[in-house]
Amino acid sequence: MKFLKKMIFPFICCVFLILLLSNVSSISTQLSTLIEKTPLYNDQEHNDYYKKDSFLFIQNTDSFLPLSKGDLKRIFFTIVNSGWSNFTFYCPSEYTSCIQDMKEFSQDQNMLTHINNYVHPYNSFSNIKTTLSESGEITVQVEYLYSEEQILKIEEKMDEIIANEINFQDSLYDQIKTMHDYIINHTKYDVTRNENGESNYLSYLAYGPLFEGYATCNGYTDLMAIFLTRLRVPNYKIATTPEDLEEQNEGHVWNAVKVDQEWLHLDLTWDDPVSKDGKDYLQHKYFLVDTLELEEADNGSVEVLEHRFKPEVYLEFKTKKKDNN
């Protein structure tokens, strides 16, 4: 009996030690996460509309340990571009201004708008909420603009249009022109939403021009962006915000398209003008033009101001200048 009593304590110690050693990896990982305040890996998968493209202004990242404002911007873009509705990351202790920088970043609505233009329309957000704690934890919650039901209907309709309208033996230029003309010929500009901010149509989405026949610049641009992505053509949206323009002007958005290694502008809204005589017009004035041609098109009898974009944001268009020689 005494022998058994003497053996019980060493036996319990051995069992505890075995359990401890078998879980040491898990325990060390948890301790590391708590101490470093950063996830050691990210196991969320990108959704089907994730863009792999790298742009001059913004790029994806696989590192969620920010050390600068640029890192915060890349993390934010990757979250939205991946279709993640909820994501948490942490500020390291050596990045002392991380929380303050993130506060400023999350409140910069114009910057958020510009970054949103680089993702696929289905991954663009309608609302984004950033929760910050003094301990350095940052949680980003994203409400996406398109519902799953809307995406399904749009994709089915796009399959039909492409099958009936697009000839893949044509040049890329002609394929884009065919879609440009199709959208304009089946769409009217939603003047009511533009003037009152409200409308009976979902004209600010690709759904509006596809199923209701009405669009604002957002609807035209999203629908073309969806088509361009179907063709695997690099593209994004360019936006001017009210701060870029004179006070009486609203913001505007159109497509940036890379064709034959050159970035060009494509603005369906201005190629589908609202006419005084009530007739429908189809133009190609803003169809795949470079920045100089865009400026020349804007300088008509009435100067167009809505294309005064920020070249420091849409950097693919920064280099072209007029040759005065």
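Over the range 165-230, one equal point on each Cα, no solvent: what is log10 I(q)/I(0) by the Debye formula at q = 0.14 Å⁻¹?
The Cα Debye sum returns log10 ratios of -0.41.
Out of the trypsin sites (Lys or Arg not before Pro) in the range 42-121, which ones are loop residues according to DSSP with at most 11 other C-beta atoms within 10 Å?
Lys52
Take the Cβ-Cβ distance between Asn164 and Arg230 as r, set R0 to 22 Å, and report the resulting FRET efficiency rounded to the nearest 0.05.
Rounded to the nearest 0.05, the efficiency is 0.95.
Taking 0.36 nm per residue of sequence separation and subtracting the Cα-Cα distance, how much length would be gained by fully extending the chain between Ser68 and Asp181, in nm to one decimal?
Values: separation 113, 0.36 × 113 = 40.68 nm, distance 4.46 nm.
Extra length from Ser68 to Asp181 when fully extended: 36.2 nm.
Residue by residue, what Karplus-based ³J(HN,Hα) values in Hz, rounded to whole numbers, does the range 112-125 have, using 6.51, -1.76 and 1.60 with θ = phi - 60° and x for Gly and Pro?
4, 4, 5, 5, 4, 6, 8, 9, 4, x, 5, 9, 6, 9
Give me a comma-separated list of calculated 3J(HN,Hα) values for the range 132-139, in order, Karplus coefficients 6.51, -1.76, 1.60 applied at θ = phi - 60°, integers in Hz, x for any Gly or Pro.
Karplus-based 3J(HN,Hα) across the range 132-139 equals 10, 10, 5, 6, x, 7, 10, 10 Hz.
Around His120, what is the net charge, scoring Lys/Arg as +1 and Asp/Glu as -1 over all other residues with Cβ under 15 Å from its Cβ?
0
Obtain the nm distance between the two label points defined at Glu296 and Thr139 by a simple spin-label model: each point lies 7 Å from its Cα along the Cα-to-C-beta direction.
5.5 nm
HN-Hα J couplings of the range 169-179 from phi, Karplus 6.51/-1.76/1.60, θ = phi - 60°, integer Hz, Gly and Pro as x?
7, 6, 5, 4, 4, 5, 5, 5, 5, 4, 5
What FRET efficiency comes out for Gln109 versus Tyr281 if R0 is 41 angstrom and r is the Cβ-Cβ distance? Round to the nearest 0.05.
Computed FRET efficiency for Gln109 and Tyr281: 0.75.
Residues with amide H under 5 Å of Lys188's amide H, sequence separation 5 or more or different chain, H placed in the peptide plane at 1.01 Å from N; which?
Excluding prolines and chain starts, which carry no amide H, the hits are Tyr214, Ala215.
Keeping all protein chains in the complex and leaving out DNA, RNA and ligands, what accessible area do you get for Thr291 with a 1.4 Å probe, in Å² to the nearest 10?
Looks like 10 Å² after rounding.
Give me the distance in nm between label points sitting 7 Å out from Cα along the Cα-to-Cβ direction at Glu148 and Phe55, one decimal.
Spacing of the two 7 Å Cα→Cβ label points: 2.8 nm.
Loop-only check: which chymotrypsin sites (Phe, Trp or Tyr not before Pro) in the range 132-240 are DSSP coil with at most 12 other Cβ within 10 angstrom?
Phe168
The values are calculated or read from the model by the stated rules, or taken from the named source; none is laboratory data. Since the model is a prediction, treat every value here as computed from it, not as a measurement. For neighbour counting, all protein chains shown are included, and Cβ atoms are generated from backbone atoms with ideal geometry for every residue, glycine included. Just so you know, the surface numbers come from the protein's heavy atoms only, side chains and all, with ligands and any DNA or RNA stripped out. Shrake-Rupley method; radii C 1.70, N 1.55, O 1.52, S 1.80 Å.
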